[in-house]
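Novice: Below is a structure I'd like to ask you about.
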Amino acid sequence: MPIALSPTGPKNGISKLTNCRLLRGDELVTEDLWVSSVSGKIVHSQASFYDELVLPDETIDLGGRIVAPGMIECQLNGAFGFNFSTLLQDMKQYGKKVKDVNRLLVQTGVTSYLPTITSQQPELYQKALPYLGPSGRTRRAEDGAESLGAHCEGPFLNPTKNGVHNPDVLIEANSFADIEACYGAENVNARSEDDVIPVKMITAAPERGQMVDLIPELRSRGIIYSMGHSEATYEDATAAVANGATMITHLFNAMRPLHHRNPGIFGVLGIAESTARPYYGVISDGIHLHPTTVKIAFNAHPDGFILVTDAMHLVGLPDGAYPWTNGDRMCNIVKSGSTLRLEGSETIAGSSITLLECVNNFLRWSGTSIPSALKAVTSTPAAMLGLEGVKGTLAAGADADLVIFSEEKQDGTSQLVLDEVWKFGTRVSRPASAGAAVGGP
């Protein structure tokens, strides 16, 4: 037997989670998990114990609960009263408010996300995007949820499928210079090999302007192209996928509906020999899509299925009318329960649901397994973002972003209850009875 170092020796920052079920692919596996708050990564327990003779600082018995990677949100327009599509007189205050959102968001189980700006004037993108770029380089657990880069949902959208977006600010791109003029050249072009640009993904209608021809230029800069707010035919969508489109924004919403003679964007989820099938976001709030439609979407291409909230800044706020910057005008969004609508209309204006609520809705509607539902907010979005092995997994060497769930049965269906959140190997949120959460004393 090897001799391990005494746990009473110098602290090494390693925690061992035991008596737990780990999300491993399509299964929940009973194993221990070692994480390091020093490296912020998941540790290879066998190598640490047998080769390096290390014992953890603490061993935590989780009583059979579920451990999954931290959830990844790919479409969040704002939260806790702050809208990312906002210009402030002092933009330093904008950065402060983003940090406030990060500290609150992590307590919902979202450890990484794409802050999303809707269709706006160029000035807003150019001033706000520098504050929304990837934020995890410092690896500070106390900072809360981590931006993986901004999602620009617009303004290169089809005016006939604008949804809540102000059609007066929608434009076409006929050259990459048009994209630079809108978002700011410095926000879409790296200045050096080590530079990381703020923009991670854009949503645009492939049939507008020369957008399909510009997809390779976006991809060469590490920017994901997502089809959305579009009248694209199946042929348009197929051409976009062939040129590098790898994502669909909120499938079925604000796009040409499925037709038996032309399936539109949805059609590219079918098996095709010539093109890879893209990933796709689904809002499972019971308002944007009927539960059966969500099941149809999942069964079309389970490996591409990503749950998103499309949540607005009204998440966590009481019912009422709230101002929203919509392109070149101010308007109100009316919150009634979990439903958001543009004031004076029946137009849906995003959601006010949490990502965990989306997961639990999907579990209830689909009857699928907990691992299948959790993949839609962990490993699948990580793969879409090119972060396999870093995010969305409990493999050794990955970032130690974790969520710990209790499992409850409600009307015979499994539902998940969030108990703890860990960021970079440090516990940052747990029930009030067990200790302080992020931002607490």
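Novice: Taking the Cβ-Cβ separation of ARG329 and LEU55 as r and a Förster radius of 41 Å, what is the calculated FRET efficiency to the nearest 0.05?
Specialist: On the way: r = 61 Å, r/R0 = 1.50.
E(calc), rounded to 0.05, equals 0.10.
Novice: Can you give the Rg to Rh ratio of segment 48-115, both from alpha-carbon atoms, with Rh computed by the Kirkwood formula? Don't jump to the answer; show the numbers that get you there.
Specialist: On the way: Rg = 18.5 Å, Rh = 15.2 Å.
Ratio of gyration radius to Kirkwood radius for segment 48-115: 1.21.
Novice: Set the Förster radius R0 to 22 Å, insert the Cβ-Cβ distance between THR292 and THR413 as r into 1/(1 + (r/R0)^6), and round the FRET efficiency to 0.05.
Specialist: 0.85
Novice: Counting C-alpha atoms alone, how compact is segment 317-375: give Rg to one decimal and Dmax as a whole number, in angstrom.
Specialist: Considering segment 317-375 through its Cα atoms, Rg and Dmax are 15.3, 45 Å.
Novice: Give me the one-decimal nm value for the distance between modelled label points at GLU343 and GLU388, 7 Å along each residue's Cα-to-Cβ direction.
Specialist: 4.8
Novice: If contacts are Cα pairs under 8 angstrom and at least 6 residues apart, what is the relative contact order of segment 69-385 in percent?
Specialist: Value for segment 69-385: 18 percent.
Novice: Using only the alpha-carbon atoms, what does segment 234-356 span along each of its principal axes? Please give whole angstrom values in decreasing order.
Specialist: Sorted from largest, the Cα extents of segment 234-356 read 50, 32, 25 Å.
Novice: Take the alpha carbon atoms of segment 152-194, find their center, do the same for segment 313-360, and report the distance between the two centers in whole angstrom.
Specialist: Between the Cα centres of segment 152-194 and segment 313-360 lies a distance of 23 Å.
Novice: Please compute, over every Cα-Cα pair in segment 120-243, the percentage with a separation greater than 19 angstrom.
Specialist: Details: 3649 of 7626 pairs.
So the pairs more than 19 Å apart make up 48 percent of the total in segment 120-243.
Novice: Quick one: if you stick a label point 7 Å off each Cα along the C-beta vector at ARG137 and LEU258, how many nm between them?
Specialist: For the pair ARG137/LEU258, the computed spacing is 4.4 nm.
Novice: So how do 104-113, 235-244 stack up, highest first, on mean other-Cβ count within 10 Å?
Specialist: Listed from highest to lowest mean packing, they are 104-113, 235-244.
Novice: So if I place +1 on the C-beta of Lys and Arg and -1 on the C-beta of Asp and Glu, and nothing else carries charge, what would the dipole magnitude of the chain be about its Cα centre? I want it in debye, nearest 20.
Specialist: For the chain, the charge dipole is close to 520 debye.
Novice: Given the convex hull of the Cα atoms of segment 58-157, what is a quarter of its surface area in nm²?
Specialist: Answer in nm², one decimal: 7.9.
Novice: Follow-up. I'm spelling it out carefully: the read-out is Rg and Dmax of the Cα atoms in Å, the candidates are (i) 24.8, 99; (ii) 21.8, 73; (iii) 21.2, 64, and one was derived from this structure. Which label?
Specialist: Matching entry in (i) 24.8, 99; (ii) 21.8, 73; (iii) 21.2, 64: (ii).
Novice: Also: Which entries of LYS295/LYS335; LYS161/LYS423; LYS92/LYS200; LYS16/LYS200; LYS161/LYS391 show an alpha-carbon separation above 29 angstrom in the structure shown?
Specialist: The pairs that break the limit, which is 29 Å between Cα atoms, are LYS161/LYS423; LYS16/LYS200; LYS161/LYS391.
Novice: Can you give me the solvent accessible area of ASP194 with a 1.4 Å probe, rounded to the nearest 10 Å²?
Specialist: Ignoring ligands and nucleic acids, ASP194 comes out at about 120 Å².
Novice: Rounded to the nearest 500 deg cm²/dmol, what is the calculated helix-only ellipticity per residue at 222 nm for the chain, with -39500 (n - 2.57) per DSSP H run of length n ≥ 4?
Specialist: Taking each H run of at least 4 residues, the total per residue is -5500 deg cm²/dmol.
Novice: Please report the relative contact order for segment 29-130, taking Cα pairs under 8 Å with a sequence separation of at least 6, and give it as a percent rounded to a whole number.
Specialist: 27
Novice: If you restrict to DSSP beta bridges whose two residues both lie in segment 69-385, what percentage is antiparallel, to the nearest 5?
Specialist: 35
Novice: Taking Rh as the Kirkwood radius computed over C-alpha pairs, what is the Stokes-Einstein D of segment 287-402 at 4 °C in a medium of viscosity 1.567 mPa s, expressed in µm² per second?
Specialist: 81
Novice: State which helices in the chain qualify, where a helix is a whole DSSP H run, it must extend 15 Å or more along its own axis by its Cα atoms, and its mean Kyte-Doolittle hydropathy must be at least -1.0.
Specialist: 91-105, 355-366
Novice: Which distance in nm do the two modelled labels at LEU88 and ALA177 give, with both placed 7 Å along the Cα-to-Cβ direction?
Specialist: 3.6
The values are calculated or read from the model by the stated rules, or taken from the named source; none is laboratory data. A quick note: this is a predicted structure, and the numbers were derived from the prediction, not measured. Note: ideal-geometry Cβ built from the backbone for every residue, glycine included; neighbour counts use all protein chains shown. Heavy atoms of the whole protein, side chains included, go into the accessibility calculation; ligands, DNA and RNA do not. Shrake-Rupley method; radii C 1.70, N 1.55, O 1.52, S 1.80 Å.
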